[in-house]
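Since the structure comes first, as structure tokens, the remarks are kept for the end.
The values are calculated or read from the model by the stated rules, or taken from the named source; none is laboratory data. Source: prediction; values computed, not measured. Glycine also receives a Cβ, built like all others from the backbone with ideal geometry; neighbour counts cover every protein chain displayed.
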Amino acid sequence: MAGEPNGETERVLWHDAAVWERSGFNAFLAEHGIKRSDLVVVKKDDEEHTEQRFFRVKQTAGESSQLSTEEVITRVGRSLQEHGIEHVQPEAVDWVPGFFSLPASTPLARIDMYQQGQLYGIDISSGYAVTLLDVKPGEHVLDLCCAPGAKLTMIADLLQMRGSVTGVDFSRSRIGACKQLVHKYKLIHPESAQEESTSSTGSWRCRLFHADGRTFAIGPKTECAQLDDMEIVLDTEEISSRNPKSQGRKRKNKSARARDLKRQKLMVVNEALYDKVLVDAECTHDGSVKHLQKLETAEAWDSYVKDHLNDSEITRILNLQHDLIRNGYALLRPGGTMIYSTCSLSIKQNEDIVRAFLKATPSASLLPVDTTDIPCEAGKLEGTVRFTPAHHTSGLFIAKIRKLDSVTSVTSNSGSE
């Protein structure tokens with residue numbers, strides 16, 4: 001509980017009930033249908049649980065792709081031991097392939113496989129959301145809110161660097177961090193001639209755009225020059241064209257690029273829509289305990305609620321989510337799959353957004369998710385899924401949506417309470 005002022009800023013527990021009440025956080029939770037028990041896990045006397053962090057091993061090319069689960073466990077454990085971290089070994093996560101857990105305090109940066117770009121940290125709930133896209137090599141995938149880049153890295157890995165992944169983010173600094181990951185995990189071009197020459201699933205391309213996800217309209221095969229409202233931060237095809245080892249790749253001449261830009265301005269995008277779209281929308285981050293744990297004083301809680309949970313900010317976020325889910329869907333091909341997710345547990349930012357979208361979009365169908373043996377719970381809209389800290393994961397809401405081949409095939413897509 002918060003102490004009395006004594007000339008120093010006193011630290012408080014992140015889940016201090018009195019601080020939540022005084023700051024207005026409790027009022028926010030009540031208005032958005034969030035229970036305190038969703039965020040604060042009360043352990044039983046006989047329960048032992050250590051907070052976990054998660055990582056995924058890169059599967060495309062390189063040494064890590066050849067390692068068995070046992071070899072990963074042994075190698076990571078040995079690396080930690082060499083840095084003075086004794087008796088710590090990762091455990092494989094059986095419900096998301098390629099994922100491992102470690103105690104939350106374990107520094108990933110000390111692990112040699114991390115330093116070498118063979119594994120990366122990613123929340124397990126976010127990893128599960130990516131697996132629901134069911135990405136196949138050769139597909140074209142759009143990550144509409146891609147920064148800081150862990151999910152995009154996983155998508156590229158699932159594609160086996162065949163097809164394309166396009167990342168978009170409105171934050172210039174965060175898209176820059178995403179660019180660093182693309183280079184660190186060697187997503188520029190396939191590492192073997194066999195991968196690069198695979199004809200059945202096409203070549204590889206990764207692009208990053210500093211752009212507004214609400215209005216982004218670049219298809220996976222659309223060539224375009226810089227536009228006033230958009231910046232091409234990275235294009236692996238352009239990078240490869242500068243590589244002397246790349247054969248048969250020629251940059252388009254100026255007139256050809258101008259013609260492509262003109263076509264883009266005419267919004268001829270139906271010829272090149274995405275097979276899969278991920279919309280991990282900006283939210284209030286209330287489901288992220290890691291975020292809340294950074295609020296170590298009563299003053300920090302007051303500022304958080306005042307600056308980020310005020311009425312005007314909530315309205316801005318809701319409008320943004322409303323637009324992002326619609327634009328992501330507009331860029332999805334018929335028969336394709338879109339995942340809408342947030343790290344909020346707010347019904348207004350999750351179920352209500354999806355419900356309104358489905359009601360306004362006859363061609364959209366909410367797909368049920370098989371959650372057998374998955375540590376999650378059903379959402380407040382039938383077919384949706386929620387992860388909460390009570391399940392020892394980061395908070396995440398997930399809705400899986402399919403664009404039907406024709407509106408006439410719609411039976412019921414509005415969901416039920």
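What the table shows:
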| quantity | calculated |
| --- | --- |
| Some residue of the range 290-306 being touching a residue at least 60 places away in the same chain (Cβ under 8 Å) and farther than 28 Å from VAL41 by Cβ | no |
| Criterion violated by PRO334 - all others in (1) modelled with pLDDT under 95; (2) more than 21 Å from the chain's Cα centre (by Cα) satisfied | (1) |
| Selection count, the range 99-131, where residues are out of contact with any Ser or Thr (no Cβ under 8 Å at 6 or more places or on another chain), of a type in the set (Gly, Ala, Ser) and surrounded by fewer than 20 Cβ atoms within 10 Å (Cβ to Cβ) | 5 |
| Exclusive hit being surrounded by 13 or more Cβ atoms within 10 Å (Cβ to Cβ) and either among the hydrophobic types (A, V, I, L, M, F, W, C) or at pLDDT below 80 (or both), set ALA193, ALA217 | ALA217 |
| Given (1) surrounded by 23 or more Cβ atoms within 10 Å (Cβ to Cβ); (2) assigned to a loop (DSSP other than H, G, I, E, B), number of the condition PRO137 does not satisfy | (1) |
| Neighbours by Cβ (under 8 Å, 6+ apart or cross-chain): first from the range 121-146, closer than 25 Å to SER101 by Cα; second part of a loop (DSSP other than H, G, I, E, B) and of a type in the set (Ser, Thr, Tyr) | ASP123/THR393; ASP123/SER394; ILE124/THR393; ILE124/SER394; SER125/THR393; SER125/SER394; SER126/SER394 |
| Residue within the range 144-162 that is at negative phi, of a type in the set (Gly, Ala, Ser), part of a helix (DSSP H, G or I) and modelled with pLDDT of 95 or more present | yes |
| CYS376, sole failed condition from (1) buried (at least 21 other Cβ atoms within 10 Å of the Cβ); (2) within 18 Å of the chain's Cα centre (by Cα) | (1) |
| Test for LEU132: is it over 23 Å from SER341 (Cα atoms), within 17 Å of the chain's Cα centre (by Cα) and modelled with pLDDT of 95 or more | no |
| Single match in SER79, SER101 (criterion: modelled with pLDDT of 95 or more and under 23 Å from LEU152 (Cα atoms)) | SER101 |
| Odd one out for SER394, checked against (1) of a type in the set (S, T, N, Q); (2) closer than 27 Å to GLY121 by Cβ; (3) at pLDDT 95 or above | (3) |
| Residue list for the range 171-190, filter: in contact with a strand residue (DSSP E or B) (Cβ under 7 Å, 6 or more places away or on another chain) and touching a residue at least 60 places away in the same chain (Cβ under 8 Å) | TYR185, PRO190 |
| Selection within the range 314-351 - part of a helix (DSSP H, G or I) and over 21 Å from THR215 (Cβ atoms) | ILE314, GLU351 |
